1. In whole angstrom, how far apart do the alpha carbon centroids of region A:73-112 and region B:64-119 sit?
2. Cα-Cα over 25 Å: which of A:Lys44/B:Lys55; A:Lys15/B:Lys38; A:Lys62/B:Lys38; A:Lys78/B:Lys106?
3. Counting only DSSP beta bridges with both residues in the protein assembly as shown, tell me the antiparallel percent, nearest 5.
4. Please report the net charge: other residues with Cβ closer than 12 Å to the Cβ of B:Ala87, K and R +1, D and E -1.
5. Just want to confirm a number: the relative contact order over region B:4-118, from Cα pairs under 8 angstrom separated by 6+ residues, in percent.
6. Measuring from label point to label point, each 7 Å out along Cα→Cβ, what is the B:Lys70 to A:Phe98 span in nm?
7. About the Cα centre of region B:4-118, what is the dipole size in debye to 20, counting +1 per Lys and Arg Cβ and -1 per Asp and Glu Cβ, all else neutral?
8. What is the distance, in nm, between label points placed 7 Å from the Cα along the Cα-to-Cβ direction at A:Glu68 and at A:Asn52?
Amino acid sequence: EAGVAQSPRYKIIEKRQSVAFWCNPISGHATLYWYQQILGQGPKLLIQFQNNGVVDDSQLPKDRFSAERLKGVDSTLKIQPAKLEDSAVYLCASSLGFSGRVIGNEQFFGPGTRLTVL
Amino acid sequence: AQTVTQSQPEMSVQEAETVTLSCTYDTSESDYYLFWYKQPPSRQMILVIRQEAYKQQNATENRFSVNFQKAAKSFSLKISDSQLGDAAMYFCASPRRVVSNFGNEKLTFGTGTRLTIIP
């Protein structure tokens, strides 16, 4: 079974430039997550999709970040314009779907994209 | 806000010895899973072990086991016979329902423990 795919693996840009990240989740996984992981910290959820609908984007800086999952499969995360503090690893994860009586669906992570903003 | 606390930013252990990483969490859920994830320097986060909160028996996966104390909301990870490949960041994670969308959930991660294996 193929895992979560992400590209690119590395990206270096100047501040105020734009950048986009791509994620392809595990086939059949309805839920897709984008996380930001700053060096030395745990992942912070930016946005969560259920199929092609947004479930939670409360931590997404909407003045500069946007994300979409148009057909309920692949997703892109965009930053425009980038700031120095956006330097981080951006992780994509996916899981099967809705919670039942017991919560705790395993999330499967991609390799991440390391973004450096100069 | 839900919190997950890992009080040991760094730990080290001699190869072949045993080490325990601690985690405490806060939740209002009654039935849930808890997770330990490992993130090696390659960055890919992988699941090490998960515990079902409503089960009394502690989960075990080969050399990895947990000590789960539900009343104390404590969820520690024990690694036995430590190997060089165990060197990584370890994150504890706890799920919670998305308030605005009840059928969905999200994970809260701790700040991680960096584990070093000494040959």
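The values are calculated or read from the model by the stated rules, or taken from the named source; none is laboratory data. It should be emphasised that the depicted structure is a prediction, and the values quoted were computed from it without experimental measurement. Virtual Cβ from ideal backbone geometry, glycine too; neighbours counted across all protein chains shown. Calculation scope for accessible area: heavy atoms of the full protein, side chains included, ligands and nucleic acids excluded. Shrake-Rupley method; radii C 1.70, N 1.55, O 1.52, S 1.80 Å.
1. Each part reduced to its Cα centre gives a spacing of 18 Å.
2. In this structure, A:Lys44/B:Lys55; A:Lys15/B:Lys38; A:Lys62/B:Lys38 exceed 25 Å between Cα atoms.
3. Rounded to the nearest five, the antiparallel share is 85 percent.
4. After counting each charged neighbour, the total is -1.
5. Answer for region B:4-118 is 36 percent.
6. 2.5 nm
7. Roughly 280 debye, rounded to the nearest 20.
8. Placing both labels 7 Å along Cα→Cβ, they lie 1.0 nm apart.
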